Amino acid sequence: QVQLVESGGGLVQAGGSLRLSCAASGRTFSDYAMGWFRQAPGKEREFVARISWSGAMTYYADTVKGRFAISRDNAKNTVYLQMNSLKPEDTAVYYCARAIDHTATKTWEYDYWGQGTQVTVSS
């Protein structure tokens, strides 16, 4: 069984930065691509970023490209999301998830999810 635990969320002013972490249990972490999603109140969960199993390839939603950076440390079974130049519209619960496929961007293409961490950006 895989467990994913996010941390690092909080309240930040517009223009600020936060770094989210997602710690994974299990010995197969490095075999899978990982992704970050977010969900704002009243909205559907949306894709944010994805990283390949090795960390060599990354992919971002247009809304965060150039501001967010996804990375991973397979020795620590952890994936990160560095968020810079935050905007109020980035306010959401952020989730990490394990990808079924290395090109996954849809929620149904991810099989394990964390509980989420709240990010609130004030204007």
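The values are calculated or read from the model by the stated rules, or taken from the named source; none is laboratory data. Because the structure is a prediction, the values reported are computed rather than measured. Cβ: placed from backbone, ideal geometry, glycine included. Neighbour counts: every protein chain shown. Each accessible area value is taken on the protein alone, full model and side chains, heavy atoms only, with ligands, DNA and RNA left out. Shrake-Rupley method; radii C 1.70, N 1.55, O 1.52, S 1.80 Å.
With all protein chains in place and a 1.4 Å probe, the accessible surface of the chain carries 48 percent carbon and sulfur.
Database remark: amide H of LEU86 closer than 5 angstrom to the amide H of GLY15, GLY16 (H placed geometrically; neighbours at sequence offset of 5 or more, or on other chains; Pro and chain starts carry no H). For the pair ILE100 and GLN13, the difference between a 0.36 nm per residue extended length and the Cα-Cα distance amounts to 27.8 nm. The residue list LEU20, HIS102, ALA33 was ranked by how far each Cα lies along the charge dipole of the chain toward its positive end, using unit charges on Cβ atoms, and LEU20 comes out on top. Charge tally around GLU44: other residues with Cβ under 13 Å, Lys/Arg +1 each, Asp/Glu -1 each, net +3. Taking all protein chains into account, the per residue accessible area for the chain stands at 53 Å² (1.4 Å probe). Label separation (SER54 vs ALA40): 3.7 nm, computed from points 7 Å beyond Cα along the C-beta direction. Estimated at 0.36 nm per residue, the fully extended path between THR120 and ALA75 surpasses their Cα-Cα distance by 13.2 nm. Candidate cross-link partners of LYS106 among the aspartates and glutamates, defined by an alpha-carbon separation under 12 Å and a same-chain spacing of 8 or more, comprise GLU44, GLU46.
For the chain, the relative contact order comes to 35 percent (Cα pairs under 8 Å, sequence separation of at least 6).
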